[in-house]
Structures are given as structure tokens and as C-alpha cells.
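Peer 1: So that we are looking at the same thing, I have put the structure below in C-alpha cells.
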Amino acid sequence: MSKKIGKVKDWGSRTGRKSKSETKTPSMELSNLTTEALEDLLQDPVQLLSSLQVILEKRNSFKEESPVPLKKYFQTKHGKLFHGSCFELLNTIEDNSIDCIFADPPFNLAKDYDNGTDDKMNEADYLEWSRAWIDLCIKKLKHGGSFFLYNIPKWNIPLADYMNKKLNFRHWITVDMTFSMPIPNKLYPSHYALLYYVKGEKPNTFTPPRTPIKTCNRCGQEQNDYGGYKNKMNPLGINIRDVWSDIPPVRHAKFKNRDANELSIKLLDRVLDIATREGDLVFDPFGGSGTTYIVAELKNRRWIGSELGDCSVIKERFLRIKEEGDRLAESREALNTLFTDKALQIRLKSGLGFKNYNISNEQIERVLAKSKNKQMSITQ
Ligand SMILES: C[S@@+](CC[C@H](N)C(=O)[O-])C[C@H]1O[C@@H](n2cnc3c(N)ncnc32)[C@H](O)[C@@H]1O
């Protein structure tokens, strides 16, 4: 026992000297344990081994689980959807073959996805289930491929800790959106966490779009003061931040494809813009209403996906892909420009104009024409 304690002492580098164990070793992972847990384990190493065995068995049991046999449901020009469990599908995918993974798993909030699974596991089981599919996903991801995990902060804190051990952390993106009712004695939950990782040192693709200056919907005034830098600003807009406040929730029945959760096409458009190019292979293990697959198809990315529950919603959505394309094109008008046309029209009306900004003649002419047409239709 004393020998072990001596080894533990060697880990500490409080003196600033480089210790041998500063390189990543399996024992380094144990440093995540609380001091109390470490002390307990040293008291009873046999207990430690049996606990490790239980965890591993649990994790592997999820990897083997498959409630329905996997079956190809439909195929499009760019992708394939499978009805069945992502675990089974993942086992058929070639290692190191996927360019980008986007996963929006059930949040273990007791939602009824009508797929025969339990969305209210105990916390430890939910985390083991998550680690099991994350492991498989990482195996299938290409070197330089990107992995996005969308979840509530409660789960993404421990899952980020797990992913940090296997991938390179790039961002915790805050997706600003109210997602539940206010909770007594708590702050109002108003953001999702979108974890962004890369396998290996650098992403193969990192091409974030630029976004417009935020302006007041009524007068067009800038919400931030750019002072004397206005004419030096990139005419394509500002650098995208890691707080996304412009992603609309999909709540309106007119746009919703099913009762359960559905993400905005704008969110997936941004993710795929950042981390993929045309022809890349995108994998989403949790199909839902098929948002990832629709956006991938529209952006000429190859895609593959699985859904355990009803897949007909996704198939029907593909029949209306033209409408989805129109909506996507509309939301993309607000990309790679310093001001949207609409914001410039408002500024024109309230006398703020385009002054001091570097705006293309083409956009000025377009906005002037739009404003003139609007004026004419009002006076006619
Ligand atoms: C939060 S929803 C995904 C919503 C989706 N991102 C969208 O925008 O529509 C999670 C989905 O995962 C499905 N699911 C749960 N476990 C699964 C598994 N093991 N394999 C495949 N799909 C699963 C559920 O049926 C549910 O539809």
C-alpha cells in the first residue's frame, strides 16, 4: 500500500518540475475522482476492480442492445435512412469514414418518443448509454472529422468530460433558447449546450459563415457601438460567436413535422457550413423528424441516419423538401453580409442610412429599389 501512495505523490507537479506521469496514462484518468473516492478505493482495491467490471458490462450491454431489427427505410440521391437502433447501424459503418457527426439524443426527460425505449433511465444508466454510443461514433469518425453533441447542460457537463479524453475540444456553443417552464427555486433554463469536438489535432474543414450586425427591428440602430471602426468592418459580416441567439425554436404547428422535439434547419445549416463541404459524409444517429438529413440533402452532403421510432415522418418530410429548401434559402439571406436587406431598409426609413459602412453598390441599389417598390405599393 505504501508503495502505491509513493507513486501517487509522484503525480503532483506542484514544484513545477515535469513529472514522468504528465504524459497521458490511464491512471491520469483517475485524477478526475474526488479525493474521498480515491481514499475509499485505496482502502478496498478489490471493490475497485468489481466496480470497474460492472461499469464495463453495463456499457457493453448497451452496445449489443437492439430492440428492432435494422432495416433500410428509404434512400435519396445523397443519403440513406435506417429504421432501428443507432448501435446496430454504427456496427455496420466502416471505421474512420464519417466527416461529421451531429447528435441530438433523447434528453432523458421522460418524453414519449413512441419507440419502445425508456426516456427516464436512472442518471448513471443514461450516462453509460451515452458513453456507449459516443464510443462507437468516435470509432467511425475520420481523423480531422467533427463531432457535435446537442443536449442540456446537465448531461453535457459529464459527457464533455468523457469526450475530452478521446477528442479535441473546440467549443461549448450556447444555443440561447427557452426549453421548459420556469422551475421553482431555480433560474429559468434558457440554453442548450452544443459541444463541438474534432478527432485529432485540427479539423479537416472549418468554414464558419459570417453573420450580420445585430440591429433594432424598429429603427435599425446597431445594438453594439462599433465606434470609429465602422468603415474597417468586413463587408461580409462579423465573426460568428459561440453564443447563438438567432436560432428559432420549432414550435409553430405550421412548421412542425411531429409533436416531439425538432430542431431548426438554421441550426443544422450552420453546423454543416462550419464543419463540412459538399460531398462529405454526415451521420446523425437520432433521426427524429429528420432535420439533419433534410439539410444535408439540400446542401449536397452525403448522409446516413437511424431512427428507432416512426420513420414515416422523415419520409414525408422529404416529399416536401422543396418547401424546406425555400425556407433554408430565406434564412441564408442573413449570412455573409454586414446588414440584411431588411435591416438596411429600416435604417433608410429611420434616417440612419448606410453611412460609414463598407456596403456594396449592388446591395445599396437592391435596397433602394426594394424601398421604392414598397413606397409605391403603399401610395398606390
Ligand atoms: C431529440 S430527438 C431528435 C430530434 C431531431 N434532431 C430533429 O430535429 O427532429 C431523438 C430521437 O432519437 C430517437 N432514438 C432514441 N434512441 C435511439 C436509438 N438507439 N437509435 C436511433 N434512434 C433513437 C428517438 O426516437 C427520437 O426520435
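Peer 1: Filter the range 130-158 for residues that are of a type in the set (A, V, I, L, M) and within 15 Å of the ligand (Cβ to nearest atom); which is surrounded by the fewest Cβ atoms within 10 Å (Cβ to Cβ)?
Peer 2: Within the range 130-158, the match that is surrounded by the fewest Cβ atoms within 10 Å (Cβ to Cβ) is I152.
Peer 1: If you go through the range 116-146, how many residues are of a type in the set (G, A, S) and either part of a helix (DSSP H, G or I) or outside the structural domain of V198 (by TED's automatic domain parsing) (or both)?
Peer 2: Step one: list which residues in the range 116-146 are of a type in the set (G, A, S), which gives 116, 124, 130, 132, 144-146.
Still in the running and either part of a helix (DSSP H, G or I) or outside the structural domain of V198 (by TED's automatic domain parsing) (or both): 124, 130, 132.
Of the residues in that region, 3 qualify.
Peer 1: Name, by its number, the condition in (1) in contact with a His (Cβ under 6 Å, 6 or more places away or on another chain); (2) buried (at least 21 other Cβ atoms within 10 Å of the Cβ) that does not hold for R302.
Peer 2: Among (1) in contact with a His (Cβ under 6 Å, 6 or more places away or on another chain); (2) buried (at least 21 other Cβ atoms within 10 Å of the Cβ), R302 violates only (2).
Peer 1: List every residue pair whose Cβ atoms sit under 6 Å apart, with the two residues 6 or more apart in sequence or on different chains, where the first one lies in the range 314-342 and is touching a residue at least 24 places away in the same chain (Cβ under 8 Å) and the second, anywhere, is among the polar types (S, T, N, Q).
Peer 2: R317/N257; A334/T340
Peer 1: Right, something else. Given the criterion among the aliphatic types (A, V, I, L, M) and at pLDDT below 95, identify the matching residue among I134, I183, I173.
Peer 2: Being among the aliphatic types (A, V, I, L, M) and at pLDDT below 95 holds for just one of I134, I183, I173, which is I183.
Peer 1: Could I ask something else about it? In the range 269-286, is there at least one residue being polar (S, T, N, Q) and within 12 Å of the ligand (Cβ to nearest atom)?
Peer 2: No: zero hits.
Peer 1: Grab the helices (runs of 4 or more DSSP H) fully contained in the range 1-102, keeping just those with 3 or more residues being modelled with pLDDT of 90 or more. Outline the logic, then answer.
Peer 2: Values: elements: 2-11, 26-29, 35-43, 45-64, 86-92.
Of the helices (runs of 4 or more DSSP H) lying wholly inside the range 1-102, those with at least 3 residues that are modelled with pLDDT of 90 or more span 35-43, 45-64, 86-92.
Peer 1: Hey, D310 hits all of (1) at pLDDT below 95; (2) surrounded by fewer than 15 Cβ atoms within 10 Å (Cβ to Cβ); (3) part of a loop (DSSP other than H, G, I, E, B) but one; which does it fall short on?
Peer 2: (2)
Peer 1: For the range 284-302, which residues satisfy the criterion of being outside any helix (DSSP H, G or I), in contact with a Phe, Trp or Tyr (Cβ under 7 Å, 6 or more places away or on another chain) and hydrophobic (A, V, I, L, M, F, W, C)?
Peer 2: Within the range 284-302, none qualify.
Peer 1: Restricting the first residue to the range 224-242 and requiring it to be more than 18 Å from S360 (Cβ to Cβ), which pairs with a second residue that is surrounded by 10 or more Cβ atoms within 10 Å (Cβ to Cβ) meet a Cβ separation below 6 Å and a spacing of at least six or different chains?
Peer 2: I240/P208; I240/T211; D242/H171; D242/I173
Peer 1: Collect the residues in the range 75-93 that are exposed (fewer than 15 other Cβ atoms within 10 Å of the Cβ) and over 14 Å from W133 (Cα atoms), keeping them in residue-number order. Lay out the reasoning, then the answer.
Peer 2: First, the residues of the range 75-93 that are exposed (fewer than 15 other Cβ atoms within 10 Å of the Cβ): 75, 77, 92.
Residues satisfying the conditions are Q75, K77.
The values are calculated or read from the model by the stated rules, or taken from the named source; none is laboratory data. Quick caveat: nothing in here was measured; it's all calculated off a predicted structure. Here the Cβ is made from the backbone with ideal geometry for all residues, glycine too, and neighbour counts use every protein chain on show.
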